[in-house]
1. Could you grab me the full set of residues in the stretch 153-175 that are surrounded by fewer than 18 Cβ atoms within 10 Å (Cβ to Cβ), in a helix (DSSP H, G or I) and modelled with pLDDT of 90 or more?
2. Being of a type in the set (A, V, I, L, M, F, W, C), in a loop (DSSP other than H, G, I, E, B) and crowded, with 16+ Cβ neighbours inside 10 Å is the requirement here; does Leu330 meet it?
3. For the structure I just gave you, tell me whether Pro53 is farther than 23 Å from Ala297 by Cβ, part of a loop (DSSP other than H, G, I, E, B) and of a type outside the set (S, T, N, Q).
4. Residue pairs, Cβ under 6 Å, 6 or more apart or interchain, first in the stretch 41-52 and closer than 16 Å to Val121 by Cα, second of a type in the set (S, T, N, Q) and part of a helix (DSSP H, G or I). List them.
5. I'm trying to understand the selection: among the residues of the stretch 104-138, which are of a type in the set (Gly, Ala, Ser) and more than 22 Å from Glu219 (Cβ to Cβ)?
6. Restricting attention to the stretch 108-128, which residues are in contact with a strand residue (DSSP E or B) (Cβ under 6 Å, 6 or more places away or on another chain) and either among the aromatic types (Phe, Trp, Tyr) or surrounded by fewer than 22 Cβ atoms within 10 Å (Cβ to Cβ) (or both)?
7. Restricting attention to the stretch 139-147, does a residue exist that is within 29 Å of Pro191 (Cβ to Cβ), outside any helix (DSSP H, G or I) and in contact (Cβ under 8 Å) with a residue 24 or more places away in the chain?
8. Only one of (1) within 12 Å of Gly116 (Cβ to Cβ); (2) in contact with a strand residue (DSSP E or B) (Cβ under 8 Å, 6 or more places away or on another chain) is not met by Met71, so which one is it?
Amino acid sequence: GRRCLFFSFHNVKFSGCQTSMASSTSPLMIFICYNSTMSLATKVRVGVLRGGPSSEHEVSVKSGANVLKNMPDGYYPVDIFLDRAGGWYVNGVAEKPEKVFRRVDVVFNTLHGKFGEDGTVSRLLDSFGVPHTGSKHLASAISMHKGHAKNLLKKRGIKSPYHKIVSKAGADTAAVFELWRTLPNPSIVKPMNSGSSIGVSVAENFAEFQIALEKAFAESDAALVEEFLFGREATCGVIDDFRRQEVYALLPAELSAPAGSRFLDYGGKYGGAIEACHPGRFSVAEKDALQAMARAAHEALGLRHYSRSDFIVTQKRGIYFLETNSLPGLYADAPFCQSLSAVGSSLPEFIGHILKLALNGK
């Protein structure tokens, strides 16, 4: 609880000050109030970075708010908000980034998408010597680029759906038609550097394919076009140095698109219509394979602290890797948070663990 101390000083003199109290016989009285559990001076100041300029701004705001709400004992939360225009605010007051960093001991990064997950903010924090959660800038950039990530994991024996990469600059009508003609149908078109299913579309004919590319190019200068596989969507999170394991895999969750949707789009993921099972209804063999692939993706991409990988479990062709999120959502009903609960953990325990890793330079 809150306690107060009372100090009374007699015959106080102030050197170099003009004050009537120096000659007064009345005592100087000082009240100091503090939290009996732990004083502010002994708490680690944690700047929770949220918002940002990407199209995933709203998701990041919710993730950051949930982290602020669930900050464990021993840490003092500092709300660092980035608006869409790139402005920085500390507890609602505009501030320059270099001054922001002086007010915290460590940063918990909950920015999603561009600037947050592409390594930009990691590089900025490292340049100021600020410890932070999440991966370093190079690993973040590689995992954010769907093409690079798939090529890297292919060398580890992790298969992805058949795919092609097309640049916005080379997407004239003839090239687009030739690409469509050589791809399996239906196909799914994704922006190269985006998450939360923003700019993603399924195409079953050439007209839909053209529209899907335009939508993807609105988010990125390149698009990943891959075979649309039918199966159960799985997601599996991992945590570094947790429960005496170097890379601990959470139980895979099973996610189903809402009725009328061909895939897990943005509205389905964040509109509350998604059907999620934590843990998923997978066989022991499928569960073990998903956990092993999530660990392998995390390690191969050079990620640190935590990540979450998405997969498709097909009936006859096995498990296919889709993508890895280096900073998965931490909003209240996020798959990662639900998966923590499924293994008997909690968000405060997770936050405390990740902060210790960051402060210890791991």
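The values are calculated or read from the model by the stated rules, or taken from the named source; none is laboratory data. Here the structure is a predicted model, which means the values were calculated and not measured. Because the Cβ atoms are built from the backbone with ideal geometry, glycine has one as well, and the counts that use them run over all protein chains shown.
1. Lys154
2. It is true that Leu330 is of a type in the set (A, V, I, L, M, F, W, C), in a loop (DSSP other than H, G, I, E, B) and crowded, with 16+ Cβ neighbours inside 10 Å.
3. In short, yes.
4. Qualifying pairs under 6 Å: Arg50/Ser60; Gly51/Ser60; Gly52/Ser60.
5. Correct list: Ser127, Gly129.
6. Scanning the stretch 108-128 gives a single hit, Phe108.
7. Within the stretch 139-147, one or more residues are within 29 Å of Pro191 (Cβ to Cβ), outside any helix (DSSP H, G or I) and in contact (Cβ under 8 Å) with a residue 24 or more places away in the chain.
8. Condition not satisfied by Met71: (1).
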